[in-house]
Amino acid sequence: MQRSLISLAVMALLGLSAGAPTLVAAAPAAKVTQVTTQLPRTAVPTHYAVSLTPDAANSSFSASVTIALDVKQATSSLTLNAADLKFSAAAISAGPGKSQQASKTDIDADKQTVTFHFADTLKPGSYQLKLDYTGVIGTQASGLFSLDYDNGGAKKRALYTQFENSDARRMIPSWDEPFYKATFAVEATVPAGQMAVSNMPATSTTRLADGRELVRFATTPKMSTYLLFFGLGEFERATAMEQGVELGVITQKGSLGQAQFALDSSRNVLKEYNDYFGVKYPLPKLDNIAAPGRSQFFSAMENWGAIFTFENSILLDPRVATQSDKEGSFLVAAHEMAHQWFGDLVTMAWWDDLWLNEGFASWMESRTTTRLHPEWNWELRAVGTREGAMEQDALATTHPIVQRIATVEQASQAFDNITYSKGESVIRMLENYVGEEGWRAGVRSYIAKHAYGNTVSDDLWREVEKAAHKPVTAIAHDFTLQPGVPLIRVADAVCKNGKTTIQLTQGEFSKDKENKKPLSWRVPVIAQTIGGTTVRTVVSGGKASMTLPGCGVVLVNAGQSGYYRTLYTDKAFSALAKDFATIPTIDQLGLLSDSWALGMAGLMPASSFLDLANSAPVDAAPQVWQKIAGVLAGLHDSYEGKPEQRAALDRFARARLAPVFARIGWAAAKDEAAPVANLRDTLIRVLGEVGDESVIAEARRRYAASASDPSAMPAALRRPVLSVIAASADAATWDQMRAAAKAEQSNMIKAQMYDLLGSASDKAQAQRALDLALTDEPGATAGASIIGHVAGNHPDLAFDFAISHRDQIDKIVDGASRSRYFPGLGGRSADPAMIGKLQAYARQYLPADAQGDTKQAIAAIEYRIKVRTKRLPQIDAWLKQHAG
Ligand SMILES: [Zn+2]
């Protein structure tokens, strides 16, 4: 899964063996008795034959399923998962003439289970359980759901499914846990003229007497329930053959022209992965289904053979698509296709090891983007990814990468920065430690050995250690089984005979536990004197000494593959600041990030970052200036309510950023490097925010001119210019933008424009956006996003509004996001009162196992308040001293 930045007649049964591919038996990696379950282990499903009849107009469906299963222990009942399903018939058969109806059906809505009782005890053996039932089609992305959209003025409704982590049970009564792998044969009765899509290709389409069509799909390989997919609507599909696999992109009618880049990306990624994993993609086809709308929880999902992606994360509309949209479209393909192996072919046994899916897919996405689009310099993003992880990981509310998950609610909360970004960063460090070749060999044998099976993290370490002949498991355990961020202190360097010796000690970087006794890690460290050869060691037992060739300025974590923060002495840091321009770009980013975080935590002067920002040359890499601009924009926010200090910060920001913007200008130069486009976008927004008069005036000029001249706001400038306009919108401008949003024909652009209405700085306009969010006007999946945008500038206003409309909010936020949506709004606050509000919300509305996000939001607010009271005065003093 990629996170977001969101009843008719029962049909005849399918033959159980039709088209089932020959499958390799899985190695017995994770033992069944050790894997967490909410279901009794009395029976195991092997095949589901599902017959589905959706009634999109009435938001309901009828279905039947025949489940082939093996009873392991004699029992008089079977319990499986089901949610919001109504059963009309249940019978079990051990063969012809050996059938019995269920004597009683018990539904447990809280546990999301159904139990069928039988008068005659089921002895161990093979059975077929046949169930007839009906269910509901929701409006948010969980289970079988609908998305309504406009197509050329006509109202349309399409259906899709989203089952991760535990929502297959909303469409199919099933053993809905990743460990219970089975094969699936799906058929559906659908209106003629619509396209039905599932994991496997359709094998037949039959016209029925009533005009509808019966579509049968080939049987899937053995897989987990959460990877099943079904979609239905007025779609178009573009295809390309690559290495014997039919790759497809499916869109609503009329949008196929925006899918070419995604299709090309899929081809390149498939070639790369077939090679990397050493096991060929095993299904005959792989579609990526682009859907209108969005979710607060995710942007794409790796259903095997049928990836689902919200269209704003995959399609490129030439009217609005930017460089970063293009990068995003490629990343989705790289991430979700990595899951086809890591997740789909080999699946974690239980949600404890979710990071095996998500950390790995995130790492693979970055690796593949770096390789296939070297012009994007994606390798530099590794520092930002690590920052995202450390921000959460340095608070006491963090958790280890591998964590105990007991409930569905906890599994939903596990889709966080630790699982994704720390997972990715730790893999990057370990790959760097064992070497690229050894790592890949280990991954290959892991995939080959566990294909169609389930695993735990140690299954991966075992294979990598065997292949690479390096003791990676011990380091991996330190970083995945315990939480937190190591801190490496670098003691003053001593230079003798052309060699520099440094002393390293390991502590722990904590933002909110100042006197915490540090945990202990074995930390792989790479260091050099600037320009010299790199030297490696593993800091073990808390300290190490390193001897580096050369006598120059010392750089630790050279290349930034280490998951730790580096703390230099004042003298060593000053030397680095002085030589900042000579350091490799990735290490400039590492130094900026560490100095900012350590400064805010009180371990360095808070102004250290500004020293670096002051010595960054105007021609530094675009990514360096994006980082500086981002931090300055954050500081600008921190000065909320302090106009005098904010003005000083804004002056400094303009003085540093305006010359950078002057170099790159409003229009892209011929043959401009791709990252410059991203920097332009960032600088327009940030300079607008810190009050650069000429940028604001030019944005206004372009916005006004665009009414009659579309070229005034080309795709690359459209969103940054509109962001400047929206941020400063008065009532009249806000009305004008709303009218444009309402009139917009493209669903994707419409959603972007409604989001902009939520980003007004003016409180009165922000309130109008909140009121608008709960009306039918912006569309069913847009409201939650608008409120989220309001929270960017007005977290307290957005939170209070959402709480007072809680029932309505619950309808526009998908189930998996509910426990994190409210903390997500309030968590951006710096008002101490918000802590009490969040606590009250959690107490009243969240079960104990769903409060993780609330606790993290509270920790983030407390830290923000501490930073504002303790660190900002140091920044003020620095700004006064450096006022030019
Ligand atoms: Zn994922």
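Values in this text are rule-based calculations from the coordinates and carry no lab data. Computed from a prediction, not measured in an experiment: that's the story for all the values here. Cβ coordinates were reconstructed from backbone atoms using ideal geometry, including for glycine residues, and neighbour counts include every protein chain displayed.
Straight-line reach from Lys880: taking Cα to Cα under 25 Å and skipping same-chain neighbours fewer than 8 places apart, the lysines in range are Lys571, Lys578, Lys627, Lys642, Lys866, Lys870. Taking packing as the residue-averaged number of other Cβ atoms within 10 angstrom, the listed peptides 680-688, 668-676 run from highest to lowest as 680-688, 668-676. Separation of region 786-820 and region 261-325 by C-alpha centroid, Å? That distance is 29 Å. Computed extension length for Asp709-Lys571: 44.1 nm, one decimal, from 0.36 nm per residue of separation with the Cα-Cα distance subtracted.
The simple spin-label model puts a point 7 Å past each Cα toward its Cβ; for Asp150 and Thr775 those points are separated by 1.4 nm. Look at where the Cα atoms of region 388-436 and of region 79-146 average out, and the two centres are 36 Å apart. From largest to smallest, the equivalent ellipsoid semi-axes obtained for region 225-339 from the alpha-carbon gyration tensor read 21, 16, 14 Å. By the rule of a C-alpha distance below 24 Å, with chain neighbours fewer than 8 residues away ignored, the lysines paired with Lys130 are Lys72, Lys86, Lys98, Lys104, Lys111, Lys181, Lys222. Expressed in nm to one decimal, what extension gain is obtained for the pair Gln100 and Gln260 from 0.36 nm per residue of sequence separation less their Cα-Cα distance? In short, 52.3 nm is gained.
The simple spin-label model puts a point 7 Å past each Cα toward its Cβ; for Gln243 and Lys543 those points are separated by 5.1 nm. Counting only DSSP beta bridges with both residues in the chain, the antiparallel share comes to about 80 percent. In region 760-803, inverting the average of 1/r over every pair of distinct C-alpha atoms gives 10.1 Å as the Kirkwood radius. Taking a ≥ b ≥ c as the square roots of the eigenvalues of the alpha carbon gyration tensor, region 358-467 is oblate, as a/c is not under 1.5 and a/b does not beat b/c. For region 428-555, the alpha-carbon radius of gyration amounts to 1.26 times the rule-of-thumb value 2.2 N^0.38 Å expected for a compact globular protein. Considering all different alpha carbon pairs of region 293-355, the Kirkwood hydrodynamic radius works out to 12.9 Å. Between the alpha-carbon centres of region 483-562 and region 357-383 there is a gap of 26 Å. Taking a ≥ b ≥ c as the square roots of the Cα gyration tensor eigenvalues, with a/c under 1.5 meaning rounded and otherwise prolate when a/b beats b/c, else oblate, which class fits region 634-783? Here region 634-783 falls in the oblate category.
Grouping the Cα pair distances of region 586-684 into 10 Å bins from zero gives a pair-distance distribution of 15, 46, 31, 8, 1 percent in increasing distance order.
Sorted into 20 angstrom bins from 0, the C-alpha pair distances of the chain split as 14, 46, 33, 7, 0 percent. Residues within the reach of a label modelled at Asn58 (point 7 angstrom out along Cα to beta-carbon, backbone nitrogen below 13 Å), restricted to region 125-142, are 134-137.
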